[in-house]
Amino acid sequence: MSWKRKHILGLEEMTADEIYTILEKSKIYLDQIERKETGSNSEELKGYNAVNLFFEHSTRTRMSFELAQKRLGMEVLNFHAVTSSVSKGETFIDTIETVSAMDLDVMVIRHVKPGTPELATKHTTASVINGGDGSREHPTQALLDLMTMWLKGKDFAGLKVAIVGDILHSRVARSEIFGLEKLGAEVILVGPPPLIPGDLSRKGIEISHDIDEVLDYVDVLYLLRIQRERMAEVFIPDEEEYFRTYGLDRKRLDKTKDSCLVMHPGPVNRGVEIAVDIVNDKKSVILEQVRNGVAVRMALLSLLLKG
Ligand code: NCD
């Protein structure tokens, strides 16, 4: 298919064809990375400029975008809200217009407020990529997750994926659900009732409050962190209790299929959603997700800027 989209704001608006186009292109970059040939790409987006605007903390997403941009030969600027004029009272729109006046081609934006990347598109001629907006969407994370499942030979039609944990506050969960459903997978949301949003249960997505009942059924266990920083009130009694009722320990892992993948977007809270010794278990693909993320972001940059 020929690529038309200028911005990556979320998976809700994306088609299955677009997702497969991204996965296929990402695979080409991943193969190059694995053959240590990314140096040969360094001219591909030479002359293009990117800015990574992070109004919220990040390790993986920011570094992965920067590496992807550099591997394609782009000039890269990094913006951190805490050390910028935001701390002097500059508004989001003024920041976007200021940065845009410097003639940039791509802006990656992470912000605590849902909808800010979309708002930015109205104030810049650059392509905007959503690096996570509040609890709304985190499309590049979901795309790298889909790529990880796909590379592990998973067929999305009928694939059973349990997303476990703090779904209410998770932008990753929302993008994951949109993407998986578009590709024909079956999603089951697992978590304590206060952490499952009502709008998702109304949409007819399967819900369970008992992780033990899904263990031998699913092909992917996707674990989420409890996002205390987004909670204005107490949603779970304490972390030990959460680990006992929903945490993935050895006993639970042994009940899953041999082919079951354990996934997590990071950062991991060991001993809360996952036992310390399972993070690096053979069923865990957590670091492969990170690795695939660079290739996915290279693919997106190339598609947005060159079609
Ligand atoms: C996630 C995020 O920031 O939304 N992390 C990530 O980008 N890989 C998930 C989280 O913070 O728990």
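The values are calculated or read from the model by the stated rules, or taken from the named source; none is laboratory data. Because the structure is a prediction, the values reported are computed rather than measured. Cβ coordinates were reconstructed from backbone atoms using ideal geometry, including for glycine residues, and neighbour counts include every protein chain displayed. Just so you know, the surface numbers come from the protein's heavy atoms only, side chains and all, with ligands and any DNA or RNA stripped out. Shrake-Rupley method; radii C 1.70, N 1.55, O 1.52, S 1.80 Å.
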**Report entry** Odd one out for G131, checked against (1) part of a loop (DSSP other than H, G, I, E, B); (2) within 16 Å of the ligand (Cβ to nearest atom); (3) open to solvent by less than 10 Å² (accessible area, probe 1.4 Å)
**Finding:** (1)
Report task. Can you confirm whether the range 39-53 contains a residue that is more than 16 Å from the ligand (Cβ to nearest atom) and β-branched (V, I, T)? Result -> yes
Query raised in the report: When you go through (1) modelled with pLDDT under 95; (2) not in a loop (DSSP other than H, G, I, E, B) one by one for M63, which number turns out not to apply?
Result: (1)
Query - Scan of the range 1-60 for residues that are over 20 Å from M147 (Cβ atoms) and among the hydroxyl-bearing types (S, T, Y), ordered by number - result: S2, S40, S42, Y48
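If you check L168, L189, L200, L180, which single one turns out to be open to solvent by less than 10 Å² (accessible area, probe 1.4 Å) and either modelled with pLDDT under 95 or assigned to a loop (DSSP other than H, G, I, E, B) (or both)?
Values: L168 fails: open to solvent by less than 10 Å² (accessible area, probe 1.4 Å); L189 fails: either modelled with pLDDT under 95 or assigned to a loop (DSSP other than H, G, I, E, B) (or both); L180 fails: either modelled with pLDDT under 95 or assigned to a loop (DSSP other than H, G, I, E, B) (or both).
Of the residues listed, the single one that is open to solvent by less than 10 Å² (accessible area, probe 1.4 Å) and either modelled with pLDDT under 95 or assigned to a loop (DSSP other than H, G, I, E, B) (or both) is L200.
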Query raised in the report: List, please: which pairs have Cβ atoms under 6 Å, are six or more places apart or on different chains, and start with a residue in the range 52-74 that is in contact (Cβ under 8 Å) with a residue 40 or more places away in the chain and end with one that is more than 13 Å from the ligand (Cβ to nearest atom) and charged (D, E, K, R)?
Result: L72/E44
Requested in this report: Would you confirm whether any residue within the range 290-301 is surrounded by fewer than 13 Cβ atoms within 10 Å (Cβ to Cβ) and under 30 Å from K6 (Cα atoms)?
Outcome: no
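Would you call T83 free of Cβ contacts under 8 Å to residues at least 60 places away in the same chain and among the polar types (S, T, N, Q)?
Criteria met by T83.
In this structure, does E90 turn out to be in contact (Cβ under 8 Å) with a residue 60 or more places away in the chain, open to solvent by 60 Å² or more (accessible area, probe 1.4 Å), in contact with a helix residue (DSSP H, G or I) (Cβ under 8 Å, 6 or more places away or on another chain) and assigned to a loop (DSSP other than H, G, I, E, B)?
Working: in contact (Cβ under 8 Å) with a residue 60 or more places away in the chain: no; open to solvent by 60 Å² or more (accessible area, probe 1.4 Å): yes; in contact with a helix residue (DSSP H, G or I) (Cβ under 8 Å, 6 or more places away or on another chain): yes; assigned to a loop (DSSP other than H, G, I, E, B): yes.
Taking the combined requirement at face value, the residue does not satisfy it.
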Query raised in the report: What pairs come up if the first residue lies in the range 263-281 and is closer than 12 Å to L248 by Cα and without any contact (Cβ under 8 Å) to a residue 12 or more places away in the chain, the second is part of a helix (DSSP H, G or I) and more than 11 Å from the ligand (Cβ to nearest atom), and their beta carbons are under 8 Å apart, counting only those six or more places apart or on different chains?
Result: R270/V276
Report task. Kindly indicate whether any position in the range 95-107 is crowded, with 23+ Cβ neighbours inside 10 Å, within 12 Å of the ligand (Cβ to nearest atom) and of a type in the set (V, I, T). Result -> no
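Listed here are the residues, each with its yes/no results for (1) open to solvent by 80 Å² or more (accessible area, probe 1.4 Å); (2) in the same structural domain as D94 (by TED's automatic domain parsing); (3) not polar (S, T, N, Q).
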{"position": "K4", "(1), (2), (3)": "yes, no, yes"}
{"position": "L11", "(1), (2), (3)": "no, no, yes"}
{"position": "I22", "(1), (2), (3)": "no, yes, yes"}
{"position": "L30", "(1), (2), (3)": "no, yes, yes"}
{"position": "G47", "(1), (2), (3)": "no, yes, yes"}
Report summary line: Flagged pairs (Cβ under 9 angstrom, 6 or more apart or on separate chains; first in the range 98-120, farther than 11 Å from N52 by Cβ and assigned to a strand (DSSP E or B); second open to solvent by less than 20 Å² (accessible area, probe 1.4 Å) and more than 16 Å from the ligand (Cβ to nearest atom)) are H111/A120
